[in-house]
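Only one structure is covered here, and it is reproduced in the block below.
Each value in this text was obtained by applying a stated rule to the coordinates, not by laboratory testing. Not measured: the values here are computed from a predicted model. So basically every Cβ, Gly included, is an ideal-geometry build from the backbone, and we count neighbours across all protein chains shown.
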Amino acid sequence: MLRLAVPNKGSLSEAAQAMLKEAGYRSRRDSKELVVVDDANGWELFFLRPRDIAVYVGEGTLDVGITGRDMLIDSGAAVEEIMPLGFGASTFRLAAAAGTMSSVHDLDGRRIATSYAGLLDKYLSDQGVDARVIKLDGAVETAIRLGVADAVADVVETGTTLRNVGLEVFGDPIMKSEAVLIKRQSAPDTPGVDQLVRRFQGVVQARDFVMMDYDIRAERIEEAIALTPGMEGPTVSPLHREGWVAVRAMVRRKNHQQVMDQLWDIGARAILVTDIYACRL
Ligand SMILES: Nc1ncnc2c1ncn2[C@@H]1O[C@H](COP(=O)(O)OP(=O)(O)OP(=O)(O)O)[C@@H](O)[C@H]1O
Ligand SMILES: O=P(O)(O)OC[C@H]1O[C@H](OP(=O)(O)OP(=O)(O)O)[C@H](O)[C@@H]1O
Ligand SMILES: [Mg+2]
């Protein structure tokens, strides 16, 4: 049996379980279940804190894990990224009371609160800044108000948490993160892990693309193919109506409305867009 680590709580937990389910793996019945055996696929799933996952995988006790890229870097564990998973996007940033700081160099000799001390230490030394890092477990935004720190370094997604306590980001973003699949550094490829990666890639692609079907006059087909080139090339089939063809192609979800506008302008009609339930490209 291969072993996969899945976040048991926090921002990545639900999305990671949804991905496993879509990829055909068992998920847990309730949030108190810490180990799930998926006999059909030959995997044991371990539900662990996202922060600990890189450590377990780095020690070689688990084959692969799902965690945040920021947590991977923060852990300093001997792990490497196999693939990004397309959820849990966030940016790791510096913040301070509005108008008080403008660059990382303003932090020289100051105190910075964070729950990502490994990541912050590395950034400060790369930037040649000598500051004191105060390691906290969470809710670090409050540390400034309570006089424990002059600035914070934390995950920002919508910015709501910072705004609520009157803080503002400053300096360059430290890093962009998202959920990633990880393995131990230079661990050999195994068929079971390759299969999991292919399934996850299928889920990411099924979410990224839609299927587009439309009818168009045969003489406009080259223009249409330029707009919807598909993967290996679109499927073009004859229509019962003389001089018309039907086209079927995968299109990036985020562009699909623009593509529909452009197809309409060159005379395409009966344009249909459907979700892709699963795929292997
Ligand atoms: N608001 C958010 N939006 C998107 N991703 C986030 C957000 N907060 C954290 N993350 C990401 O989720 C990952 C794990 O963070 P999370 O907050 O779940 O862990 P934690 O702080 O250890 O757990 P908890 O918050 O339950 O104590 C990190 O990679 C982080 O970048
Ligand atoms: O920009 P926003 O959308 O407001 O999200 C960012 C917040 O989300 C996370 O907190 P979490 O809920 O994980 O609590 P924690 O600080 O205890 O980890 C993170 O630490 C920020 O506080
Ligand atoms: Mg958190």
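Does the chain come out rounded, prolate or oblate by the C-alpha gyration tensor, with a ≥ b ≥ c the root eigenvalues, rounded set by a/c under 1.5 and, if not, prolate when a/b is larger than b/c and oblate if not? Mind showing how you got there, number by number?
Working: a/c = 2.84, a/b = 1.60, b/c = 1.78.
It is oblate, given that a/c is not under 1.5 and a/b is not larger than b/c.
Using a Gaussian network model on the chain with a 10 Å cutoff between Cα atoms, which of Leu167, Leu124, Leu239 fluctuates the most?
Leu239
Which of rounded, prolate or oblate describes the range 140-281 when judged by the alpha-carbon gyration tensor and an a/c cut-off of 1.5?
Details: a/c = 4.26, a/b = 1.92, b/c = 2.22.
Taking the square roots of the gyration eigenvalues as a ≥ b ≥ c, the range 140-281 is oblate.
For the range 175-260, with the dipole built from +1 on Lys and Arg beta-carbon atoms and -1 on Asp and Glu ones, taken about the Cα centre, which of Thr228, Gln258, Val247 lies farthest toward the positive end?
Among Thr228, Gln258, Val247, the one farthest towards the positive end of the dipole of the range 175-260 is Gln258.
Could you compute the FRET efficiency for Val35 and Asp108, with r as their C-beta to C-beta distance and R0 at 51 Å, rounded to 0.05? Write out the running numbers ahead of the final one.
Working: r = 47 Å, r/R0 = 0.93.
Efficiency, from the Cβ-Cβ distance: 0.60.
For the pair Leu239 and Trp264, how long in nm is the line joining their label points, each one 7 Å along Cα→Cβ?
Here the answer is 1.7 nm between the modelled labels.
Rounded if a/c is under 1.5, else prolate if a/b beats b/c, else oblate: with a ≥ b ≥ c from the C-alpha gyration tensor eigenvalues square-rooted, which is the range 90-176? Could you put the intermediate results ahead of the total?
On the way: a/c = 1.32, a/b = 1.23, b/c = 1.07.
Because its axes are fairly even, with a/c under 1.5, the range 90-176 counts as rounded.
Which of the GluC sites (Glu not before Pro) found in the range 114-181 are loop residues per DSSP with 14 or fewer other Cβ atoms within 10 Å of their Cβ?
Working: sites: Glu141, Glu157, Glu168, Glu178; in loops: Glu141, Glu157, Glu178.
In loop regions of the range 114-181 (DSSP not H, G, I, E or B), the sparsely surrounded GluC sites (Glu not before Pro) are Glu157.
Just to be sure I understand: of the beta bridges DSSP finds with both ends in the chain, what percent are antiparallel, rounded to 5?
Numbers: 44 of 59 bridges.
Of all bridge pairs located within the chain, approximately 75 percent are antiparallel.
Which aspartates and glutamates, on any chain, are close to Lys176 with Cα under 18 Å apart, when same-chain ones fewer than 8 places away are left out?
Hits, sequence-local ones excluded: Asp70, Asp74, Glu80, Glu81, Asp121, Asp126, Asp154, Glu157, Glu168.
Multiplying the sequence separation of Arg248 and Glu178 by 0.36 nm and subtracting their Cα-Cα distance, what value in nm do you get? Walk me through the numbers on the way to the answer.
Details: separation 70, 0.36 × 70 = 25.20 nm, distance 3.20 nm.
Taking Arg248 through Glu178 to full extension adds about 22.0 nm, to one decimal.
So which trypsin sites (Lys or Arg not before Pro) in the range 1-72 end up in coil per DSSP with only 11 or fewer other C-beta atoms within 10 Å? The partial results should precede the final answer.
Working: sites: Arg3, Lys9, Lys21, Arg26, Arg28, Arg29, Lys32, Arg51, Arg69; in loops: Lys9, Arg26, Arg28, Arg29, Lys32.
Counting only loop positions with at most 11 other Cβ atoms within 10 Å, the trypsin sites (Lys or Arg not before Pro) in the range 1-72 are Arg29, Lys32.
With the dipole of the range 90-176 worked out from charges on the C-beta (+1 for Lys and Arg, -1 for Asp and Glu) around the Cα centre, which of Ser103, Thr114, Thr142 lies farthest toward the positive end?
Thr142
Compute, for the range 209-275, the length of the dipole vector about the Cα centre, with Cβ point charges of +1 (Lys, Arg) and -1 (Asp, Glu) only. Units Debye, rounded to 20.
On the way: 8 positive and 10 negative charges, 37 e Å.
For the range 209-275, the charge dipole is close to 180 debye.
Given +1 on the Cβ of Lys and Arg, -1 on the Cβ of Asp and Glu, and no further charges, what dipole in debye does the range 90-176 carry about its Cα centre, rounded to the nearest 20? Could you put the intermediate results ahead of the total?
Working: 9 positive and 12 negative charges, 31 e Å.
In total the dipole reaches around 140 debye.
Rounded to the nearest 5, what % of the DSSP beta bridges within the range 90-176 are antiparallel ones? All intermediate terms of the calculation are to be shown ahead of the outcome.
Details: 11 of 18 bridges.
Around 60 percent of the beta bridges assigned by DSSP in the range 90-176 are antiparallel ones.
Determine the calculated [θ] at 222 nm for the chain from helices alone, applying -39500 (n - 2.57) to every DSSP H run no shorter than 4 residues and normalising by the residue count; nearest 500 deg cm²/dmol.
On the way: 9 runs with 82 residues, N = 281.
That comes out to -8500 deg cm²/dmol.
Working out 0.36 nm times the residue gap between Arg163 and Glu80, then minus their Cα-Cα distance, what length gain in nm do you get to one decimal?
The span from Arg163 to Glu80 would gain 26.5 nm if fully extended.
How about the range 1-109: which GluC sites (Glu not before Pro) there are in a DSSP loop, with at most 14 other Cβ atoms within 10 Å of their Cβ?
Numbers: sites: Glu14, Glu22, Glu33, Glu44, Glu59, Glu80, Glu81; in loops: Glu33.
Here the GluC sites (Glu not before Pro) that fit, given the DSSP loop and packing criteria, are Glu33.
Distance from the Cα centre of the range 139-183 to that of the range 2-30, in angstrom?
26
Just going by the charge dipole of the range 2-77, with Lys and Arg at +1 and Asp and Glu at -1 on Cβ, which of Ser31, Pro7, Phe46 is farthest out on the positive end?
Ser31
Report the charge-dipole magnitude of the chain in Debye, nearest 20, computed about the Cα centre from +1 at each Lys and Arg Cβ and -1 at each Asp and Glu Cβ. Don't skip to the answer; put the middle values down first.
Numbers: 33 positive and 40 negative charges, 112 e Å.
Magnitude of the dipole: close to 540 debye.
Run the quick spin-label model on Lys122 and Thr142: label points 7 Å from Cα toward the beta carbon, then report their separation in nm to one decimal.
2.9
Starting from the Cα of Gln257, step 7 Å along the direction of its Cβ; do the same at Val133; then give the gap between the two resulting points in nm.
4.3
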